[in-house]
Amino acid sequence: MKKKELSNKSQSSQLIIPTSESLSQSESNYLCIEEDLICHNEEDSTLKELRKLVSDSKLVERVYSHVSRPNKNVRDDFSTTVLWIGGERTLNKTLKVHSFSLSDSITSFRIYVEGITQNGVSFCHTQLITSSKPFYVESKLPYEISGDDKPILPVTIINQSGKDLNDVLFKYERNKEGLEFTEKKGKQKVNIKNDERKRINVPTSVLNKNHDVLVSFSAFKEDLKDTMSQTTRIKAQGFPFELFASGELTTLNSKEIHSFSIPKDVCKGSVTTSIKLYLTPADNLKGALNSLIQKPWGCFEQTSSVVYPMVMAQKYFITHKDPPENLVKQAKENITEGYNKLKGFGVDKGAAQLAFDWYGSPPGNESLTSYGLLEFNDMKSVFPVENQMLERVKNWLLSRKNNKGGFERSPGRYGFGNAPEEITNAYICWALSEQGATYSDLKLEVDSLIPLCKTTKSKDPYYIALVVCVLYNMKLDEKAEEMAYQLTELQEENGCVSGNNDKRAHSTSFTSITYTWGDSLFVSSTGLAVFAWLKAGLKFSKFVKLGQKWLMGKCK
């Protein structure tokens with residue numbers, strides 16, 4: 001490739017659109033970019049460094065090129081972006097060609113081209129192209145409409161055919177009830193002069209439904225015709241709420257009965273119901289796995305809320321036959337990205353210690369670090385986690401002991417860090433015990449946890465379950481079994497481990513490490529209780545099954 005020498009250090013870039021300014025609706029168009037890159041005889045060190053960075057980089061081209069469906073009779077694609085190129089590198093005197101199709105919108109499209117040369121000179125160019133038809137219908141439906149509204153839909157018929165049109169047939173229809181036309185006939189005839197825009201108002205009324213409605217408008221005159229369709233969403237009046245229940249049919253003739261209390265003031269016609277049946281528990285889980293595989297984002301807590309469920313999904317994949325390969329691959333890639341992102345939130349406490357914070361800011365938070373330790377410990381079974389990092393985290397948490405049977409507490413954010421002291425102490429001990437901390441490492445702290453199970457926390461299943469997990473992990477089986485049986489007394493007949501008192505859901509003294517209340521607290525306490533009982537083997541299988549059934553019933 002030859003480089004063009006320019007003594008005045010100027011540069012030229014040209015955008016070439018080899019089409020007419022007015023483009024027909026269906027044709028594909030070509031966008032060509034021709035660029036002359038510059039080479040200077042004298043360059044400073046910064047410019048040389050920039051040139052090397054650009055030339056050595058492996059630029060990933062991300063391109064979206066709109067494609068229209070062939071043989072369409074209805075305009076229903078109104079995409080606003082028809083070509084997007086996230087990054088592209090051209091060489092000297094290189095012609096780049098990109099093809100794309102216009103959407104169904106009769107409008108103007110503005111093309112923007114921006115870039116930077118190897119010498120660091122920026123450039124931009126813009127050009128307008130127009131999509132047109134000789135005869136078409138235009139309407140703008142709102143994205144959502146409310147039940148009981150009476151909107152008037154404006155529809156415009158445009159005649160650019162070069163002649164006057166008489167008795168043009170105008171029709172309108174919808175695919176399901178909910179949006180009702182006041183004029184039932186659904187059609188009328190109109191006269192339109194050349195270069196005229198004829199506006200027609202279509203009065204409607206909206207029923208109190210909750211679904212999408214496809215509305216179509218058409219105009220016909222001999223060989224001139226056009227039909228456009230748009231979807232609008234009907235939202236019923238009132239504040240939305242949801243009731244759900246689930247269960248298990250164990251035999252051919254078994255039954256599951258669930259009762260719902262529907263408020264008296266519910267909006268008429270707004271209630272919808274749905275039922276899903278799964279032949280096996282695995283079928284239910286597979287349906288949820290797709291939603292678990294996501295790209296990690298946000299702070300430590302937000303990233304963990306994406307990565308931790310994927311770790312659990314990956315555990316399922318490797319323990320079951322014929323897992324979906326695409327999900328396994330995507331989960332592995334996302335866990336790798338999430339792991340590296342989570343490490344970036346570490347707060348270095350020296351060669352032997354490491355803490356975590358929401359944004360990687362000192363001093364680190366004990367509760368969040370404990371959560372991270374549990375997460376990384378679970379991640380070990382599906383991803384190569386650095387053992388040295390886990391030991392550094394463990395060492396920092398052990399260094400936070402206050403010699404009073406608890407731990408020092410740094411200021412917290414959001415839910416973590418605001419839980420009661422006894423919950424936080426038990427949670428940190430649990431995280432450390434999962435990482436291998438022994439009774440001798442935490443003797444004073446563990447001895448401070450146990451008495452509360454018989455006094456102020458005797459009816460708190462979340463706290464007792466944490467203590468049971470700690471005791472089993474530290475091989476204190478006799479005491480752990482005693483506490484585990486105490487935990488069974490807090491399980492209701494339906495399987496929920498709530499402490500047998502719904503009022504506890506709204507008490508600030510009964511909460512979790514993330515400061516949850518209500519149903520969220522009941523799910524946390526029941527899940528943690530089941531986890532604690534499982535550590536005892538088969539002794540508590542009856543209570544485990546009952547708790548699992550209740551948890552399954554909370555699945556949406």
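Quick note: the coordinates plus some simple rules give every number you see, no bench work behind them. Every value quoted in this text rests on a predicted model; they were computed, and no experiment measured them. In this analysis, Cβ positions are derived from the backbone assuming ideal geometry, glycine residues included, and neighbour counts consider all displayed protein chains.
Between I116 and E88, with labels modelled 7 Å along Cα→Cβ, what's the label distance in nm to one decimal, could you check?
1.9
Would you please calculate the Kirkwood hydrodynamic radius of the stretch 97-201 over all C-alpha pairs and express it in Å, rounded to one decimal? Could the numbers behind the result be given before it?
On the way: mean 1/r = 0.0562 Å⁻¹.
This gives a value of 17.8 Å.
Are any of the pairs K394/K459; K332/K535; K343/K457; K276/K549 more than 25 Å apart by Cα-Cα distance, and if so, which? Walk me through the intermediate numbers first.
Working: K394/K459 30 Å; K332/K535 28 Å; K343/K457 35 Å; K276/K549 17 Å.
Exceeds cut-off: K394/K459; K332/K535; K343/K457.
How large are Rg and Dmax for the stretch 239-361 when only the alpha carbon atoms are used, in Å?
21.0, 66
Counting only other residues whose beta carbon sits under 9 Å from that of W358, what net charge do I get with K and R as +1, D and E as -1?
Details: positive: R413; negative: E301, D357.
In short, -1.
Tell me what the chain gives for mean residue ellipticity at 222 nm when only DSSP H runs of n ≥ 4 count, each as -39,500 (n - 2.57), the sum divided by the residue total, rounded to 500 deg cm²/dmol.
Numbers: 12 runs with 166 residues, N = 556.
Here the helix-only value at 222 nm equals -9500 deg cm²/dmol.
On C-alpha positions alone, give me the angle between the axis of helix 281-292 and the longest principal axis of the chain, in degrees, nearest 10.
60
For the chain, what is the charge dipole size about the Cα centre, in debye to the nearest 20, if Lys and Arg each add +1 at the Cβ and Asp and Glu each add -1 at the Cβ? Write down the numbers at each step before the final one.
On the way: 72 positive and 67 negative charges, 160 e Å.
Roughly 760 debye for the chain.
When the convex hull of the Cα atoms of the stretch 333-417 is projected onto a plane and the area is averaged over all directions, what value comes out in nm²? Spell out each step's value before the answer.
Working: hull surface 23.5 nm².
About 5.9 nm², averaged over all directions.
Can you tell me what percent of all Cα-Cα pairs in the chain are more than 35 Å apart?
Working: 93876 of 154290 pairs.
Percent of Cα pairs beyond 35 Å in the chain: 61.
For T231 and N326, calculate 0.36 nm times their separation in residues minus their Cα-Cα distance, and state this gained length in nm to one decimal. Present the calculation step by step, with values, prior to reporting the outcome.
Values: separation 95, 0.36 × 95 = 34.20 nm, distance 3.23 nm.
Value of the extension gain: 31.0 nm.
Considering only DSSP beta bridges whose two residues both sit in the chain, what percent are antiparallel, to the nearest 5?
Values: 68 of 77 bridges.
Once the DSSP bridges in the chain are tallied, antiparallel ones form about 90 percent.
Give the aspartates and glutamates reachable from K295 as a straight Cα distance under 16 Å; neighbours fewer than 8 places away on the same chain don't count.
E333, E337
Could you tell me the largest-minus-smallest coordinate of the C-alpha atoms of the stretch 395-543 on each of the three principal axes, in descending order and whole angstroms?
Dimensions of the stretch 395-543 along the principal axes of its Cα atoms: 43, 34, 25 Å.
What number of lysine-lysine pairs in the stretch 139-178 show an alpha-carbon separation below 20 angstrom, given a sequence spacing of 8 or more or placement on distinct chains? It would help to have the intermediate numbers written out before the result.
On the way: K140/K150; K140/K171; K140/K176; K150/K171; K150/K176.
Here the count comes out as 5.
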